[in-house]
Amino acid sequence: MTQLDRRTLLRASLVAGAGVAGGALLGAPGALAAPAWRPAGRPLLTHGVQSGDVTADSALVWTRADRPGRMLVELSRRPDLRGARVVRGPVLDPTGDFTGRVRLRGLPAGERLYYRVRVESLDRPGLASEPLAGSFATAPGRHQRRDVRFVWTGDIVGQGWGISPDFDGLAIFRSMRERRPDFFLCSGDTVYADGPLTESVTLPDGRIWRNLVTPEKSKVAETLAEYRGQFAYNLLDEHLRAFAAEVPQVNQWDDHEVLNNWYPGEILDDARYTERRVDVLAARARQAFHEWVPAPADGPLHRKLSYGPLLDVFVLDMRTYKDPNDGNTYADPHRGLLGQEQREWLIRELTRSRATWKVIANDLPIGVVVPDGPTAQEGVAQGDPGAPAGRELEFAEVLRATHRAGVTGLVFLTADVHYSAALHYDPARAAVGDFSPFWEFVSGPAHAGAFGPNALDGTFGPQAVFVHAPPRANTSPAEGFQHFGEVTIDGESAALTVHLRDRAGTALWTTTLPAPTH
């Protein structure tokens, strides 16, 4: 990968922020007007390359340029790219913040492929940027039974803890890269659009945490340009850029991509915001998310990705269809987090799946109580250990339907609560018995304040088998308690092993689940 120093990247980010009608609102006149400046010299790829939603025969490749240009991707089985296939991509222009992606198709299953990205000038054909290189492994085919390894975490640059060169930036991405995973599941809170950064923070031991700060990160995001700046900021980190160039991503969104604990239809009472309609903010945030994250830009955010005969991943969207945060004790089966269409999709696809393991990526945990103030609830659980109520009704339905259909191998992976835990759910301990025992593994934050542990709700019988949480709220990344999880599935035995790891990659807790028997 061509190296760009932090100063060059920061300069490119600042220029881009100024060029896209800084402060203009989505839909407002002139919001997508072309920038007045015309950069000289060769085009520049400003924020690296990324890949995402890789299947057995396709992949998304992403980049961003400093000016309008045509995206070109070379692809090969060889690291030196001899005999590479050239794919002509879209024109990158101000309407998409100069970002773009190419869907590569017809790929060989279960192989590592190498790519190189350039952007060619529209003003001077033949004048192209220096290339940036990356690679990704395609998923195994339906009949390719081989080892699968992936990592997951969430919660990136939250609670005022930004990129600090003195503390090695977002070093957890280096640790995850060293595990050489097939893919990375980001369990939401990919950015903290509601978490402004200050230049320095004094730590409890007297050390000074110094943040890299950009204009977009100095206030809460409201405009489209400010939401775009949240994603641009994270990619200033060298560890994240190197990771993104080698490890394909599967991204969810949660609340902080917009603002804390949001739900559709909410009207804010927060003096930091001049735009109080959350639906307006969410539309801007969602556009920025689709521009800057290598995920499909069309269709729903919930989706299934298959990794051969051993693994299907079910990516949930627990935000778009979310009902208002209240006491969460209602009996209305039409309310919830998932919505009827997504709930029916999940049951149908889990029932149809023939994969040994069905990993459900839920960006809000099931049995962990996540409050929103003194009386309202943000998550699934509400602390009442009795029969399912409120949003628990949705998950009672999913668990009951899959149990009755004989579905095995369910594992839930989540983040959100800023500590690491292994939770085992058993109907023998639960208020409702019509489901099969399962595990929910929690990991995070990747780089944010550490919190917890939260109370558990007894409705589905959770037991905390392992917990790693800080001694006080909002512990900084300099003090530890940053986490990621790693899942490996053995190609021969189909056993699934979970390692819960810290920022350096040290395993804090490990368990191996044998392949389910039918």
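The values are calculated or read from the model by the stated rules, or taken from the named source; none is laboratory data. A quick note: this is a predicted structure, and the numbers were derived from the prediction, not measured. FYI the Cβ positions are ideal-geometry reconstructions off the backbone, even for glycines, and counts take in every protein chain you see. In case anyone asks, the SASA skips ligands and DNA or RNA and just uses the protein heavy atoms, side chains included. Shrake-Rupley method; radii C 1.70, N 1.55, O 1.52, S 1.80 Å.
Quick one: in segment 216-270, of everything that is among the polar types (S, T, N, Q) and closer than 25 Å to R112 by Cα, which residue is surrounded by the most Cβ atoms within 10 Å (Cβ to Cβ)?
Once the filter is applied, the top-ranked residue is Q252.
How many residues are farther than 13 Å from W439 by Cα and either surrounded by fewer than 21 Cβ atoms within 10 Å (Cβ to Cβ) or without any contact (Cβ under 8 Å) to a residue 60 or more places away in the chain (or both) if we restrict to segment 487-501?
Final tally of qualifying residues: 8.
Checking R472 against (1) touching a strand residue (DSSP E or B) at 6+ places or on another chain (Cβ under 8 Å); (2) open to solvent by 10 Å² or more (accessible area, probe 1.4 Å), which test does it fail?
(1)
Which of the residues that make up segment 403-435 are within 26 Å of the chain's Cα centre (by Cα), farther than 19 Å from A455 by Cα and not in a loop (DSSP other than H, G, I, E, B)?
Scanning segment 403-435 gives L410, V411.
State the number of residues belonging to segment 408-424 that are more than 13 Å from E440 (Cβ to Cβ) and out of contact with any strand residue (DSSP E or B) (no Cβ under 7 Å at 6 or more places or on another chain).
Final tally of qualifying residues: 1.
Taking A430 and the conditions (1) under 25 Å from V313 (Cβ atoms); (2) in contact with a helix residue (DSSP H, G or I) (Cβ under 9 Å, 6 or more places away or on another chain); (3) open to solvent by 10 Å² or more (accessible area, probe 1.4 Å), which numbered condition does it fall short on, given that it satisfies the others?
(1)
Conditions: (1) open to solvent by 20 Å² or more (accessible area, probe 1.4 Å); (2) farther than 28 Å from P248 by Cα; (3) in a loop (DSSP other than H, G, I, E, B). V280 meets all but one. Number of the miss?
(3)
Tell me yes or no: at least one residue of segment 373-381 is at pLDDT 95 or above, assigned to a loop (DSSP other than H, G, I, E, B) and within 21 Å of A422 (Cβ to Cβ).
yes
Of the residues that sit in segment 466-500 and are in a strand (DSSP E or B), closer than 18 Å to V411 by Cα and not aliphatic (A, V, I, L, M), which one is farthest from the chain's Cα centre (by Cα)?
So, considering only residues that are in a strand (DSSP E or B), closer than 18 Å to V411 by Cα and not aliphatic (A, V, I, L, M), the one farthest from the chain's Cα centre (by Cα) is F466.
Hey, can you tell me all the residues within segment 331-355 that are open to solvent by 30 Å² or more (accessible area, probe 1.4 Å) and in a loop (DSSP other than H, G, I, E, B)?
A331, D332, P333, H334, R335, R354 - these are the residues of segment 331-355 that are open to solvent by 30 Å² or more (accessible area, probe 1.4 Å) and in a loop (DSSP other than H, G, I, E, B).
Does segment 292-308 hold any residues that are modelled with pLDDT of 95 or more and either basic (K, R) or open to solvent by 20 Å² or more (accessible area, probe 1.4 Å) (or both), and which are they?
R303, K304, S306
Go through segment 107-144 and give me each residue that's assigned to a loop (DSSP other than H, G, I, E, B) and surrounded by 15 or more Cβ atoms within 10 Å (Cβ to Cβ).
Of everything in segment 107-144, those that are assigned to a loop (DSSP other than H, G, I, E, B) and surrounded by 15 or more Cβ atoms within 10 Å (Cβ to Cβ) turn out to be L107, A109, G110, L122, S129, P131, T138, A139, P140, G141, Q144.
Residue by residue, here is whether (1) over 20 Å from the mean Cα position of the chain (by Cα); (2) among the acidic types (D, E); (3) within 26 Å of L338 (Cβ to Cβ); (4) at pLDDT 95 or above holds:
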| position | (1), (2), (3), (4) |
| --- | --- |
| V191 | no, no, yes, yes |
| V201 | yes, no, no, yes |
| K219 | yes, no, no, yes |
| T223 | yes, no, no, yes |
| E238 | no, yes, no, yes |
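Looking only at segment 314-330, which residues are among the β-branched types (V, I, T), open to solvent by 10 Å² or more (accessible area, probe 1.4 Å) and touching a Leu at 6+ places or on another chain (Cβ under 8 Å)?
The one that is among the β-branched types (V, I, T), open to solvent by 10 Å² or more (accessible area, probe 1.4 Å) and touching a Leu at 6+ places or on another chain (Cβ under 8 Å): T320.
From V61, V91, grab the single residue that is open to solvent by 10 Å² or more (accessible area, probe 1.4 Å), touching a Lys or Arg at 6+ places or on another chain (Cβ under 9 Å), modelled with pLDDT of 90 or more and among the hydrophobic types (A, V, I, L, M, F, W, C). Walk me through how you get there before you give the answer.
Values: V61 fails: open to solvent by 10 Å² or more (accessible area, probe 1.4 Å).
Among V61, V91, only V91 is open to solvent by 10 Å² or more (accessible area, probe 1.4 Å), touching a Lys or Arg at 6+ places or on another chain (Cβ under 9 Å), modelled with pLDDT of 90 or more and among the hydrophobic types (A, V, I, L, M, F, W, C).
Of all residues being outside any strand (DSSP E or B), within 23 Å of the chain's Cα centre (by Cα) and of a type in the set (D, E, K, R) in segment 51-106, which is farthest from L235 (Cα to Cα)? Just the residue, please.
My answer is D57.
Considering only residues that are hydroxyl-bearing (S, T, Y) and open to solvent by less than 40 Å² (accessible area, probe 1.4 Å), which ones fall in segment 433-459?
Within segment 433-459, S443, T459 qualify.
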